[in-house]
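A.B. asks: One structure, pasted below without further comment.
Just so you know, all these numbers are worked out from the coordinates, no wet-lab data involved. No experiment lies behind these values; they were computed from the predicted model shown. As a convention, Cβ positions derive from the backbone with ideal geometry for all residues, glycine included, and neighbour counts pool all protein chains shown.
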Amino acid sequence: MAAGSLGALLATLDVSIVNSALPTIQGEIGATGTEGTWIATSFLVAEIIIIPLSAWLERLLGLRTLLFVAVTLFTGFSILCGVADDLTTMIIGRAGQGITAGALIPTAMTIVATRLPPHQQPIGMALFGVTVILGPVLGPLIGGWLTENLSWHYAFFVNVPVCIVLLLLLWLGLPHQRPDWSYVREGDWFGIAGLILGLGGLTVVLEEGHREEWFESPLIIQLTLMTLVGFALLLVGQKYARRPVLKLSLIFTRQFGSIVIMALVVGMALYGTIYVIPQFLALISDYNALQTGYVIALMGLPALFLMPIVPFLITRIDIRLAVGSGLLLMAISCWITTNLTTEAGGGAFTAGQILRGVGMIFTMLFLNQGAIAAVSKEDAGDASGIFNAARNLGGSFALAALATIQDQRLWHHSRRMEESLSANSWSVQDYLTGIQAGLGSAEAAIRTLAGSIQQQAFVMTYNDIFFVMTVVIVLSIPLVLFLRPLPKGMSLSMH
């Protein structure tokens, strides 16, 4: 369980650890801002493809062999990223990291469901859930500190000693299983190709669509068609394959289907705030990467303090009450951040980040528990892959939607303020005259006024974004009524 949790922490940490160092990396390897986005996108695309495939790979290779191969290759790709001096090498290394890291996340959850006895499952799920929450929130802090104090290279090299410890834990903690090559001979190759094309295409469309102006771009149109073909192939595999690569029928059960939708919402809230808050602090508050990392890391504090009592809570609190309360706290955390001003700094996010952290603990951990309780032990691997893919896809949906909302609302607020400022207004003339007296020219005064309008429009836009996230989370709360309660006072057992 320690090996599984450590692997999941590494995988989720590497999603965001590079974000703080991205401007520095782009400068040193000679990449433009647009090209540099592929350093992050290549990781996400590779990871989202492999997450639902991990259950099939586990059945094929055996759990220990799969994790040994994944961790060893992850170490090699981390070193490749650390020594990269051009964009192509960096993208190859990041894609390799994503492919191998994607196998580490759902297998950790599978270990809880299949390797631990029922009375230890709440403890295992607490460990897994906390690492999944801590990874994305600690990434910007660790990446920012390493970049500011050492070098961006260490954001990758830091993985090496951790991977050595992880390999030792895997060797000691998991039994060897013989590979079952029948999964190759009878493989659902339509389904495998469908997952690769469908999820890969969808993730690139969501990540790059805004920058490419969506369907104005031939690339986005081609990727959308590839996505549709991929999902069609996946459905063909579901109908005709003897052993489908992924048991999608699980999604259509009331319990598990509700959990998947809420996992999407949790992913939106988690990755959406990690996307929005650094932008605000950089543009409005002039924070550097390390200062921003401290603010993001506040969301991880509740996980550290609540972890010792979470197993106790899991066995005694109704899952509907816990998940509903967690979603409500997450909604409140976004709502109290809808009154930002140009004077706001990191302190304006403190209460929201702490509340969001508490809400994440209750929502994520109980949904994890509910996901493995909703299916049979034999389906735990498929359920884990679907659940974790849904959470990551939620993050991609959030980033795509928020980037579009940001552009639209920024334009809206800028135009409304400009329309309210008449050139013939005495107050406007007095304001410009006062600025001109200090700056020495009318052009400089007008540029200052335009900058003030832009800054105010940004703040109003971020308030709108937090309001939208509040509404989305609130709309998901009624789904808790579809959850099947777990017995109080008892440890979770597989049904």
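A.B. asks: Could I get the Rg over Rh figure for segment 253-495? Both from C-alpha atoms, Rh via Kirkwood, rounded to two places.
C.D. replies: Rg divided by Rh gives 1.12.
A.B. asks: Using 0.36 nm per residue, how much length does the chain from PHE215 to PHE482 gain when fully extended, once their Cα-Cα distance is taken away?
C.D. replies: Working it through step by step, the gained length comes to 92.5 nm.
A.B. asks: Please work out, to two decimal places, the log10 of the ratio I(q)/I(0) at q = 0.16, 0.28 Å⁻¹ from a Debye calculation in which every Cα of segment 253-292 carries one identical scatterer.
C.D. replies: Normalising to I(0) and taking log10 leaves -0.52, -0.85.
A.B. asks: Still on this structure: If you average the sequence gap of Cα pairs under 8 Å that are 6 or more apart and divide by the length of segment 1-185, what percent do you get for the contact order?
C.D. replies: 43
A.B. asks: With everything on Cα atoms, drop me the angle between helix 159-173 and the longest principal axis of the chain, reported from 0 to 90° to the nearest 10.
C.D. replies: Compared with the principal axis, the helix lies near 20 degrees.
A.B. asks: Could I ask something else about it? I need to check one value: relative contact order of segment 184-310, counting alpha carbon pairs closer than 8 Å and at least 6 residues apart, in percent.
C.D. replies: Rounded, it is 24 percent for segment 184-310.
A.B. asks: Mind jotting down a quarter of the surface of the convex hull over the alpha carbons of segment 1-185, in square nanometres, one decimal?
C.D. replies: Averaging across all directions leaves 10.5 nm² for the Cα convex hull.
A.B. asks: Next up: Can you tell me the 0 to 90 degree angle between the C-alpha axis of helix 442-476 and the longest principal axis of the chain, rounded to 10?
C.D. replies: Approximately 30 degrees, to the nearest ten.
A.B. asks: Find the eigenvalues of the gyration tensor of the Cα atoms of segment 168-324, then list the square roots of 5 times those eigenvalues as equivalent ellipsoid semi-axes, largest first, in whole angstrom.
C.D. replies: For segment 168-324, the ellipsoid semi-axes come out as 34, 29, 18 Å.
A.B. asks: Could you tell me which of LEU475, TRP335, LEU225 has its Cα farthest along the dipole of the chain towards the positive end, charges placed at Cβ (Lys, Arg +1; Asp, Glu -1), taken about the Cα centre?
C.D. replies: LEU475
A.B. asks: Mind pulling the angle between the C-alpha long axis of helix 350-373 and the longest principal axis of the chain? Nearest 10 degrees, somewhere in 0 to 90.
C.D. replies: Helix 350-373 and the main axis of the chain meet at about 20 degrees.
A.B. asks: Which distance in Å, rounded to a whole number, links the C-alpha centroids of segment 188-249 and segment 72-117?
C.D. replies: Centre-to-centre distance over Cα atoms comes out at 22 Å.
A.B. asks: Whole-Hz Karplus ³J(HN,Hα) for segment 38-47, in order, using 6.51 cos²θ - 1.76 cosθ + 1.60 and θ = phi - 60°, x for Gly and Pro?
C.D. replies: 6, 5, 7, 5, 4, 5, 5, 5, 5, 5
A.B. asks: Still on this model: Determine, for TYR271, TYR240, the number of other Cβ atoms within 10 Å of each Cβ, and report the residues in order from fewest to most.
C.D. replies: Exposure proxy ranking, most exposed first: TYR240, TYR271.
A.B. asks: Now for a different question. Which longest run of the chain has no exposed loop site in it, a site being trypsin sites (Lys or Arg not before Pro) in a DSSP loop with at most 10 other beta carbons within 10 Å, and the site itself not part of the run?
C.D. replies: No qualifying site falls inside 243-487, the longest such stretch.
A.B. asks: How would you rank ASP382, ASP14, going from fewest to most other Cβ atoms within 10 Å of each one's own Cβ?
C.D. replies: So the ranking, lowest neighbour count to highest, is ASP382, ASP14.
A.B. asks: Given N residues in segment 342-404, what is its alpha carbon radius of gyration divided by 2.2 N^0.38 Å?
C.D. replies: Numbers: Rg = 16.3 Å, N = 63, 2.2 N^0.38 = 10.6 Å.
Dividing the Cα radius of gyration by 2.2 N^0.38 Å gives 1.53.
A.B. asks: Quick one: Debye curve from the alpha-carbon atoms of segment 33-87 only, equal weights, vacuum; give me log10 I(q)/I(0) at q = 0.27 Å⁻¹ to two decimals.
C.D. replies: Each listed q maps to, in turn, -1.11.
A.B. asks: Turning to a different aspect of this structure: Longest exposed-loop-site-free stretch of the chain, with GluC sites (Glu not before Pro), DSSP loop and at most 14 other Cβ within 10 Å?
C.D. replies: So the longest stretch without any such site is 1-185.
A.B. asks: Additional query: Loop only by DSSP, 15 or fewer other Cβ within 10 Å of the Cβ. Give me the chymotrypsin sites (Phe, Trp or Tyr not before Pro) in segment 134-181 that pass, ordered by residue number.
C.D. replies: Counting only loop positions with at most 15 other Cβ atoms within 10 Å, the chymotrypsin sites (Phe, Trp or Tyr not before Pro) in segment 134-181 are TRP181.
A.B. asks: May I ask you to evaluate 6.51 cos²θ - 1.76 cosθ + 1.60, the Karplus curve with θ = phi - 60°, for each residue of segment 256-267 and list the ³J(HN,Hα) values in order in whole Hz, giving x for glycine and proline?
C.D. replies: So the Karplus estimates, Gly and Pro as x, are 6, x, 5, 5, 5, 5, 5, 5, 4, 5, 4, x Hz.
A.B. asks: Any idea what the relative contact order of segment 188-244 is, in percent, if you count C-alpha pairs under 8 Å spaced at least 6 apart?
C.D. replies: 57
A.B. asks: Just check segment 88-152 against the gyration tensor rule for me: Cα atoms, a ≥ b ≥ c as the square roots of the eigenvalues, rounded for a/c under 1.5, and otherwise prolate or oblate depending on whether a/b exceeds b/c.
C.D. replies: oblate
A.B. asks: Here's another thing I want to ask about it. For TRP181 and ASP286, calculate 0.36 nm times their separation in residues minus their Cα-Cα distance, and state this gained length in nm to one decimal.
C.D. replies: Values: separation 105, 0.36 × 105 = 37.80 nm, distance 5.59 nm.
Length gained between TRP181 and ASP286: 32.2 nm.
A.B. asks: A follow-up question, please. Volume per residue, Å³, of the convex hull around the alpha-carbon atoms of segment 1-72?
C.D. replies: For segment 1-72, the hull spanned by Cα atoms encloses 102 Å³ per residue.
A.B. asks: Related question: Find the all-direction average of the projected area of the Cα convex hull for segment 76-228, expressing the result in square nanometres with one decimal place.
C.D. replies: Over all viewing directions, segment 76-228 projects a mean Cα-hull area of 12.9 nm².
A.B. asks: Volume per residue, Å³, of the convex hull around the alpha-carbon atoms of segment 266-319?
C.D. replies: Taking the convex hull of the Cα positions in segment 266-319, it is 88 Å³ per residue.
A.B. asks: When the Karplus curve 6.51 cos²θ - 1.76 cosθ + 1.60 is applied with θ = phi - 60°, which whole-Hz ³J(HN,Hα) does each residue of segment 377-393 get, with x for Gly and Pro?
C.D. replies: 4, 5, 9, 4, x, 5, 4, 5, x, 5, 4, 6, 5, 4, 5, 5, 5
A.B. asks: Would you please give the FRET efficiency between ARG254 and GLN455, computed as 1/(1 + (r/R0)^6) with r the Cβ-Cβ distance and R0 = 45 Å, to the nearest 0.05?
C.D. replies: The formula returns an efficiency of 0.40 here.
A.B. asks: Working from the alpha-carbon coordinates of segment 188-244, get Rg over Rh, Rh being the Kirkwood radius.
C.D. replies: Dividing the radius of gyration by the Kirkwood radius yields 1.11.
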